[in-house]
Every structure is written in structure tokens, then in C-alpha cells.
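The values are calculated or read from the model by the stated rules, or taken from the named source; none is laboratory data. From a predicted model like this one, the values you see are computed outputs, not experimental measurements. Don't worry about glycine lacking a Cβ; one is built from the backbone with ideal geometry, like all the others, and counts go over all protein chains shown. Protein only, heavy atoms only, side chains kept; ligands, DNA and RNA dropped before computing areas. Shrake-Rupley method; radii C 1.70, N 1.55, O 1.52, S 1.80 Å.
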Amino acid sequence: MAGFSARLDADPEQLWLGVVGTLTTVLVVGTVLARELVYDRFIWQYFWGPVAADGNGAQCAVIRDGDVSYLFSTTECTSAEAAGEIVAYPGYTLVSEVGYVLVLLLALVGVYLLLRRLAIGDSRSLFYALFPFMLFGGALRTIEDAGIAALAAGSEPLIAFPWSALIISPFIYVTVFAMTLAAVGVGVTLERREVVDAYEYPVAAIGTLLLAASVGYLTYLAVTTTYVSLRPQVLAVVVIGATLSAAATWLLIERVAPAINAGTGLMGLVLLWGHSIDGVANVVGLDWMPALGAGSNLVPKHPVNAAVVDITGAVLPPSVLAVTGDTWPFLVLKLAAATFVIWVFEPDLLEESPRYSILLLIAVLAVGLGPGTRDVLRATFGV
């Protein structure tokens, strides 16, 4: 154990590259030696197949005799699955989400090593500087949703498949990460050339410009096309609801157990707000769209959302569901999870490992605010 620790301290970057290289080799060799098991029934069915189906606006994608077919009928998809064919549906599964979590953890270690090499990232200002990029990620994903709506309406999307795969999960995380990394590189260069006082300023400015361009494009589509529409009341309700939920939770913590907030400070409030956006967007999008005059309710995209809806619908009587809907426990779950994270990051942890702690807080905020932004923009623009 001591030898391993010494090696880890001596050259963690090579160790990380070794782990990444080993995992990649295993997948490549497995694909060559056992294609159906490793590629067809794992990589394709749970990762690439859902992206391809989503990018083509299909209900599912099916591997038949070595070729991929796209089916646009739920009945056809069900029949293909019953016949034992390899079927991939758009969206997430428990397998894919576990895979994404493992990749995220590995990526976090890599980013930490990069930040350490650049001698940046140990200040809370990076957390706030990257905030616009989390909103931008959700807005960029909504542009792909608008592209699917364009296909359904017989129009050409801004980015056609297979290039649209770059803005579909999980590849959109790589895309946004690369753009964020480039922005950080620009910021660090400007700071070291003494053009700006701190690299965080240009990073935040670049993220804000990207966000404004993305939302501006969606607004342009809402004005000039029939397949995208603007429903500002949805955005207003979600933002107000999320702000009130986060503020109430924050004030409750401050009154009952202020020690929970001692480590993260205002970062904790931002974390609560980001996850409140995700929670309220789901409640509004899945339950209250008709009540707001914003069209029909959306369909849950994540297994966790769907499970919450199913469990709530099975537990509560119809008379209660008619008033409350069946998605509100998701908001409670998001606030509870965010509060737990805030509690974990106590002052000592942030003082001893500021760079890694801030990086983890950025990741936690991103996995809530990114999907939440997409959900609220999907509902706002009707895609």
C-alpha cells in the first residue's frame, strides 16, 4: 500500500493515462473478439444507439443483419424487442447512467490533474466563472431538440446527424468540456500576459456570450418557424419557483443547522438553485404545462424522473394526484440531495483540498443545472 501511494504521489498523470488506456484497450479488443457481446449489446445498445435514434428523430434503432434500422412506430419497436432483436431507445437507461457516472469520475480526476499542472482552480471564483457554461450546455442540447422538431416538420435542422451527435448526451459533455477548456486556456493566457487581472473574467464572458447566442438562436426559431414556439410563462414560473425553493431551503438551513452552510457559503446557495431549476422544471414540464396554457406535458427523459412519477402515481390516490401532480417528490429529492452535498463539504475539506473540492462542487452543480436548463428551455420553446 505504501508503495502504491508513493507511486501515485510521484506520477499520478501517468497512472491516469494508464487507466484510461487500459479501459480503452479492453473495449477495443472486446469489440474485435466478441463484437455482438461487447459492441452490439453494450456500447451500441446503451450508448451509441440511443444517440443515433435521437439524432434521427426515431422511436428506436434496431440492429438487423449487421445493419442499423430506424423505426418510427412504438409498436414496431416493441415487436422488434419481443423478437429478440437488439433495440436502442432515445434517452437514458440505468446502464448508461452508471456508465456516465464512472466516466465522469475518471474525467474529474483528469481535470484535477490538469488544473494542478496549470496551477489554477483553487479559488471559488472558478466555480462562479463556469456557471454560464452549465446553462450553455442545456441551451445547446435544446438546439438539438429543436433540430428533431425541424425534422418532424419536414425542415432541415441547424446541425444534421451524424454531426448532431456532438450535442446529444453523452457526447455533448465532451463538446462543452472542450469549449470550456478552450475558454480557460484563453483566460489563463490573457492573465499571464497581463491583459486581464484574473483569468476567470474572460472565461465567464465567453460562457455568457455562448449562452446568449444559443438562447438567441432558439428565440429566432420561435419567431420565424412553426415548429418552435415561445412560452415565456413557463420560464418565468420555473425561475421564480426555483428561486423561492432554493431561498426557502437555504434560510431553513441557516435557521436550523447553520453549520451545514459553513463550508460552501454562497456556493451552497447556487448549488441549491441549480438543482431547484432541475426539480421545478420537471414538475412544471411533466405536470403543469396545460395549466399554464403551454401545450401538453412533456415525457420524462431520465429513469430517475420516470421512477419518481411511477412511484408517486402508485402511492397517492387519484384525488390527491389531481391537485398535486405526480412529479413534485422529484423537487424534494433534488433539494435533499443538494443539501447533503453542501453538508459534506465542511470547512476543513475545502481548506485541505480546495482545488478538488471546488471541482467536485462544479460537477455536482453541472449535473443538476445542465439537464434542468435543457428541461426548462424545452418547455419554454415547445420542443
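Just to be sure I understand: if I project the alpha-carbon convex hull of the stretch 124-268 onto a plane and average over all orientations, what area do I get in nm²? Result: 11.3 nm².
Model label points for Val315 and Leu106, set 7 angstrom from Cα along the Cα-to-Cβ axis, are 3.6 nm apart.
Remark: spin-label model distance Gln14-Ala205 equals 4.1 nm, labels positioned 7 Å along the Cα→Cβ axis.
Each of the GluC sites (Glu not before Pro) that DSSP puts in a loop and that has at most 16 other Cβ atoms within 10 Å breaks the chain; the longest unbroken stretch is 195-383. Seen through its C-alpha gyration tensor, with square-root eigenvalues sorted a ≥ b ≥ c, the stretch 204-271 comes out oblate because a/c lies at 1.5 or above while a/b is not bigger than b/c. Rolling a 1.4 Å probe across the protein heavy atoms gives the chain an accessible surface of 50 Å² per residue.
At full extension, Thr324 and Ala363 could sit 10.9 nm farther apart than now, given 0.36 nm per residue minus the alpha carbon distance. Summary of the geometry: the stretch 92-164 and the stretch 326-383, compared by the centres of their Cα atoms, lie 15 Å apart.
Of the two radii for the stretch 1-150, the radius of gyration is 1.08 times the Kirkwood radius, both from the alpha carbons; that is the Rg over Rh value. Taken along the Cα-to-beta-carbon direction at a fixed 7 Å, the label points for Tyr220 and Arg117 span 3.7 nm. Highest GNM mean-square fluctuation among Val20, Val239, Val367, for the chain modelled with Cα contacts below 10 Å: Val20.
Which shape class applies to the stretch 322-383: rounded if a/c is under 1.5, otherwise prolate when a/b exceeds b/c and oblate if not, where a ≥ b ≥ c are the square roots of the Cα gyration tensor eigenvalues? Kindly include the intermediate steps, with their values, before the conclusion.
Working: a/c = 6.12, a/b = 1.85, b/c = 3.31.
Cα axes put the stretch 322-383 in the oblate bin.
Surface composition of the stretch 51-196: carbon and sulfur make up 64 percent of the accessible area, probe 1.4 Å. Evaluated at q = 0.07, 0.09, 0.14 Å⁻¹, the base-10 log of the normalised Debye intensity for the chain, with identical point scatterers placed on the Cα atoms, takes the values -0.36, -0.60, -1.41.
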